[in-house]
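Scroll down for the structure; my scribbles are underneath it.
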Amino acid sequence: MENVAFQHSLPALVHEVEQFYFLEADMFDEWRLREWLELLADDVRYFMPMTRNVAHNNRAAQFTRPQQDVAWFDDDKQILVARVEQILSGVHWAEEPLSRISHLVTNVRIHAAEGDTVEAGSRFLIYKNRMQSETDIYVGKRRDVLRRTADGLRIAKRTIWLDQNVLLAKNLTTLF
Amino acid sequence: MPLDLDTLVTDDGLISREIFSSAEVYARERETVFAKSWLFVGHVSQIPNPGDFFLSTTGEDSVILSRDTKGKVHVFLNSCRHRGMRVCRFDEGNTRRFLCPYHGWTYASDGTLLGVPEFTNGYQGVLDKSQWGLIEPPHLFDFHGMIWVNWDPQAQPFLESLGDMAFFLEDFLRMPDGGIGEWEVIGGVMKWPIPANWKWGAENFAGDFYHGISHASVDQIAISPSGELGRHQSDAVKRPMKLINASIAKGGHSARGRLFEDDYPYTSEYGKYAEVDRYFADAYEKRQQRLGPLARLHGAGGTVFPNMSYSNGRYSIAVWNPRGADRTEAWRWYLVPKDAPEAVKDVMRHYAIRYQGPSGMTEQDDLENWNYAHEACHGNVARKLDFNYQLGRETDDSLLAGWNLPHTTVAAGFTEHNQRGFYRHWQSMLSGGQG
Ligand code: FES
Ligand SMILES: [Fe+2]
């Protein structure tokens, strides 16, 4: 842990963040996506880079860069709202009928906590099954900046590193 | 039952489902289409400096796009001459040499075999290294920065094979102001699988103005930089026009566009972003002046036969790489004008990636449809039924008359004119015809 000035004890904070992530996972998996939008700060940045195979001495180029390169996601709140409304439209064929999805979140760690801000890391394993036998598995890492508000924690920034080079799924209709 | 090539594609717009699902057709395609066609491998802006390389693919073959230390552009088969190992295992980078990790044969950035371990003791110094360099395709062509190769020694020259399509591809490569300028590929090439034959993507981009319902969900949401409903920024322009479907018999290429009836004043297509909208307004005026009546045609996209598709409004290039009859690996490059202000590049990039690719709100629905339409071809009853490509059989060559496009036929509106042209050419190549 780096630079932590706690208002709470560390175990309490870890517990709080974990519970927040489990609630979020339920919202994803139960398609309560409009509720999920309320967990986002208005200035949220949601970013999932693409991953390159690079030489040992070129590791800095492993991931595409936010607000600069191509990415699987490089969204603000407006785009995330649009994604949610599309999924819930009933005519978004890539999610009509809706898939069966389970988000597992683990390895939660607090990297920093100062004032209203908590930086937390986690791993995810997402299982997605749709139609008859179409199945995708996404495994990777997340790093969030969470902001404490009167209504609870809000996501101010999320970076998602998916452990894949060529994507292994035809579509990324799930949220991470 | 042996394959009857003549019945796969008929003159009255019926096409056998076997062309998508049959392993035999696919095996033949590899030899007659992909081994003989000009294939897109990358853009010069991806390898600006000596020693730069970008790993690409032609058909199922891995290839390296390399700028050698003297600055010359090459394409190599990414396979060691000794036992076939990939000599380049990085998606991009800069190197003076490619070292094979298996036994250590070493190649220069111009493909020359430099070193062989145990050259003196093992080969007694008699291996002729000049004969064992990396394999290069016999033909490479740089079309305004796009690098194309052809593996057929007897291939027609690139421009001959492109024919009338050069007009549409050049139009795609014009800067927004209609001038000639430099494009740069934005960092990161999207690569993802499609559980469907490669031709679904190729024919959709060739001529499918008909599939509006596919995008019903995104069209209810404003994803366009115009801020208005409709997924295209050009949907904001409500002027009389005709949808143009141009099929180029020689080469089998296709282009789509909107042909406006008048020289209308700029209509805001990037209205959500004032600075960006000013850039496009200014570019529009210049384009009108520069191109005159040709400016009334606004390209939408197209397919350079067989598997490279481009999108004008998203400024992107897709390649539908075959991976067997039932699988495609799509690659997509996104371009911005090198000299555009950062704010313009930023808006173009965001718009393109929320529109296209597996996370794009438009293309997700294409991918779902191609996936399950393809799957439905496999049933024993289903596979014997033909597809219907009879939509819009009227052509009207007066639409682009005087545009010096002798091998192009045009149909307006909703039509499968371009798909029919694509498959006619595909069939002629499958039967041994030229690219
Ligand atoms: S396979 Fe490359 S050196 Fe043996
Ligand atoms: Fe589409």
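The values are calculated or read from the model by the stated rules, or taken from the named source; none is laboratory data. As the structure is a prediction and not an experimental result, all values here were calculated from the model. Here Cβ is always computed from backbone atoms with ideal geometry, including for glycine, and neighbour counts include all displayed protein chains. When the accessible area is computed, the model is the full protein with side chains, heavy atoms only, and any ligands, DNA or RNA have been set aside. Shrake-Rupley method; radii C 1.70, N 1.55, O 1.52, S 1.80 Å.
Structural remarks
- Packing around the peptides B:121-130, B:345-354, B:255-264, taken as the average count of other Cβ atoms within 10 Å per residue, puts them in this order, highest first: B:345-354, B:255-264, B:121-130.
- Within the listed set B:Val304, B:Val189, B:Val75, the Gaussian network model of chain B (springs between alpha-carbon atoms below 10 Å) gives the highest mean-square fluctuation for B:Val189.
- Taking a straight Cα-Cα cut-off under 25 Å and skipping sequence neighbours fewer than 8 places away in the same chain, the lysines within cross-link reach of B:Lys242 are B:Lys250, B:Lys286.
- Three-way shape call for the stretch B:39-140 based on the alpha-carbon gyration tensor, with the a/c threshold at 1.5: prolate
- Isolated cysteines of the protein assembly as shown, defined as having no other cysteine beta carbon under 4.7 Å away, are B:Cys88, B:Cys377.
- Estimated from the Cβ-Cβ distance and a Förster radius of 41 angstrom, the FRET efficiency linking B:Leu3 and B:Lys238 is about 0.25.
- Average accessible surface for the protein assembly as shown: 41 Å² per residue, computed with a 1.4 Å probe over protein heavy atoms with every protein chain in place.
- Nearest-ten-degree value, helix B:342-355 long axis tilted from longest Cα axis of chain B: 90
- For the stretch B:39-140, the fraction of 1.4 Å probe accessible surface lying on carbon and sulfur atoms is 48 percent.
- Shown for the stretch A:86-117: residues covered by the partner protein chains by 40 Å² or more of accessible area relative to the chain by itself (probe radius 1.4 Å), namely A:Gln86, A:Val91, A:Trp93.
- Normalised Debye scattering of chain B at q = 0.06, 0.08, 0.09, 0.11 Å⁻¹ gives log10 I(q)/I(0) of -0.27, -0.47, -0.60, -0.88, counting only Cα atoms as equal scatterers and leaving out solvent.
- Heavy-atom accessible surface of A:His15, to the nearest 10 Å², is about 100 Å², with a 1.4 Å probe and all protein chains retained.
- Residues B:Arg67, B:Arg81, A:Arg123, sorted by accessible area with the largest first, give A:Arg123, B:Arg81, B:Arg67 [1.4 Å probe; ligands and nucleic acids excluded].
- Exposure of B:Val87 as accessible area (Å², to 10), given a probe of 1.4 Å and all protein chains: 10
- Additional length obtainable on full extension of the chain from B:Tyr264 to B:Ser45, 0.36 nm per residue less Cα span: 75.4 nm
- Cα-based helix-to-principal-axis angle, B:363-375 vs chain B, degrees rounded to 10: 70
- Loss of accessible area when A meets B, both sides summed, Å² nearest 100, probe 1.4 Å: 3200
- The accessible-area ordering, largest first, of the residues A:Glu16, A:Glu24, B:Glu342 stands as B:Glu342, A:Glu16, A:Glu24, per a 1.4 angstrom probe.
- Rolled with a 1.4 Å probe across the full set of protein chains, the surface gives A:Lys157 an accessible area near 100 Å².
- Partner chain coverage, peptide B:349-358 - average Cβ within 10 angstrom: 4
- Estimated inter-spin distance, B:Arg97 and A:Asp42, nm [label 7 Å along Cα→Cβ]: 6.1
- Projected over all directions and averaged, the alpha-carbon convex hull of the stretch A:1-142 occupies 10.7 nm².
- Solvent-accessible area lost in complex, 10 Å² minimum, residues of the stretch A:42-61 relative to chain alone, 1.4 Å: A:Met50, A:Arg52, A:Asn53, A:Val54, A:Ala55, A:Asn58
- Distance in nm between pseudo-label sites at B:Arg278 and A:Leu23 (7 Å out along the Cβ direction from Cα): 4.5
- Label-point gap, in nm, between A:Thr117 and B:Gln434 - each point 7 angstrom along Cα→Cβ: 6.5
- Distance violations [Cα-Cα > 28 Å] among A:Lys141/A:Lys170; A:Lys141/B:Lys199; B:Lys36/B:Lys345; A:Lys77/A:Lys128; A:Lys77/B:Lys191: A:Lys141/B:Lys199; B:Lys36/B:Lys345
- P(r) of the protein assembly as shown over all Cα-Cα pairs, binned every 20 Å from zero, in whole percent: 18, 50, 28, 4
- Difference of contour (0.36 nm per residue) and Cα-Cα distance, B:Leu127 to B:Arg28: 32.1 nm
- Taking a straight line from the alpha carbon of B:Lys70, these lysines sit under 26 Å away, with near neighbours fewer than eight places off in the same chain left out: B:Lys129, B:Lys338.
- Amide H contacts under 5 Å for A:Ala156: A:Ala41, A:Val145, A:Leu146, A:Arg147, restricted to partners 5 or more places along the chain or on a different chain, H placed in the peptide plane at 1.01 Å from N.
- Chain B: angle of helix B:274-291 to the longest principal axis, Cα-based, in degrees nearest 10: 90
- Computed on protein heavy atoms with a 1.4 Å probe, the accessible areas place B:His417, B:His211 in the order B:His211, B:His417, largest first.
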